[in-house]
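In what follows, a structure is listed as structure tokens, so that the remarks can point back to it.
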Amino acid sequence: MRWLAHLLDFGRAARCFPPQAMDAIQHAIAASESTHLGEIVFAVEGSLPLADILRRRSARQRAEEVFARLRVWDTEANTGVLVYVLLADRAIEIVADRGAAAAIRQAEWQPAIELMRAHLARGEYETGAIAGIAAVSELLARHFPADGRANPDELPDRPVLL
């Protein structure tokens, strides 16, 4: 039945994340990046193409592809982090570049994922995204504090609708 949820998407991502929500998420990312040396990219996708569903492609596999496609790995300190939401599967994945992954275990991202999942389940998409970004930022600030060093904005802060 997974394929049915993906086929019946009809622009759900754009409805759940309208322009004003995208603006708020962008501002949350920009503000959070002043506290750490990481780079956060937020991407949301309503559904996967039917071919991916038939191949049983997982949300994690898609998130890793999006990580590469959006070049989240392209930072000087390798501290890029992708927050990926696949609405049809109700899946949230966090993919960290090798610098961030060396310092932050995959399990440490789970509270951020669960926080977002709870908000999204209640239809609080903007609030959930911003809460998730804050939780991711807290981890990045703990492991990669800005502490006055130069902190260029290496990746776009604007969320991506796929």
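The values are calculated or read from the model by the stated rules, or taken from the named source; none is laboratory data. The structure displayed is predicted, hence computed values, not measured ones. Cβ coordinates were reconstructed from backbone atoms using ideal geometry, including for glycine residues, and neighbour counts include every protein chain displayed.
Some notes on this structure:
- Pick from the range 139-158, criterion under 18 Å from the mean Cα position of the chain (by Cα) and not in a loop (DSSP other than H, G, I, E, B), ranking: nearest to TRP73 (Cα to Cα): LEU140
- Residue, farthest from GLU124 (Cα to Cα), within the range 59-85, restricted to residues that are of a type outside the set (Asp, Glu) and without any contact (Cβ under 8 Å) to a residue 24 or more places away in the chain: ASN78
- Among the residues making up the range 143-162, those that are charged (D, E, K, R) and either closer than 30 Å to ASP9 by Cα or in contact (Cβ under 8 Å) with a residue 40 or more places away in the chain (or both) are ARG149, ASP153, GLU154, ASP157, ARG158.
- Matching residues in the range 106-119 - criterion: being closer than 21 Å to GLU64 by Cβ and either touching a Lys or Arg at 6+ places or on another chain (Cβ under 9 Å) or hydrophobic (A, V, I, L, M, F, W, C) (or both): ALA107, TRP109, ALA112, ILE113, MET116, ARG117
- Breaking point among (1) under 26 Å from ALA146 (Cβ atoms); (2) exposed (fewer than 15 other Cβ atoms within 10 Å of the Cβ); (3) of a type in the set (D, E, K, R), for ARG69: (1)
- Residues in the range 48-58 that are surrounded by fewer than 23 Cβ atoms within 10 Å (Cβ to Cβ) and within 23 Å of TYR125 (Cα to Cα): PRO49, SER58.
- Verdict on ILE104 being within 24 Å of ARG149 (Cβ to Cβ) and surrounded by fewer than 22 Cβ atoms within 10 Å (Cβ to Cβ): yes
- Among residues of the range 64-113, those that are assigned to a helix (DSSP H, G or I), modelled with pLDDT of 95 or more, over 25 Å from GLY11 (Cα atoms) and not hydrophobic (A, V, I, L, M, F, W, C), counted: 5
- Subset tally (residues that are under 13 Å from the mean Cα position of the chain (by Cα) and either β-branched (Val, Ile, Thr) or farther than 11 Å from GLU39 by Cβ (or both)) for the range 91-113: 9
- Odd one out for LEU161, checked against (1) within 12 Å of the chain's Cα centre (by Cα); (2) surrounded by 17 or more Cβ atoms within 10 Å (Cβ to Cβ): (2)
- Pairs where the first residue, in the range 28-56, is assigned to a helix (DSSP H, G or I) and the second is crowded, with 23+ Cβ neighbours inside 10 Å and of a type in the set (A, V, I, L, M), C-beta under 6 Å, 6+ apart: ALA28/ILE133; ILE29/ILE40; ILE29/ILE133; SER32/ILE133
- For the range 84-114, the set of residues classified as touching a strand residue (DSSP E or B) at 6+ places or on another chain (Cβ under 9 Å) and either at positive phi or among the basic types (Lys, Arg) (or both) is empty.
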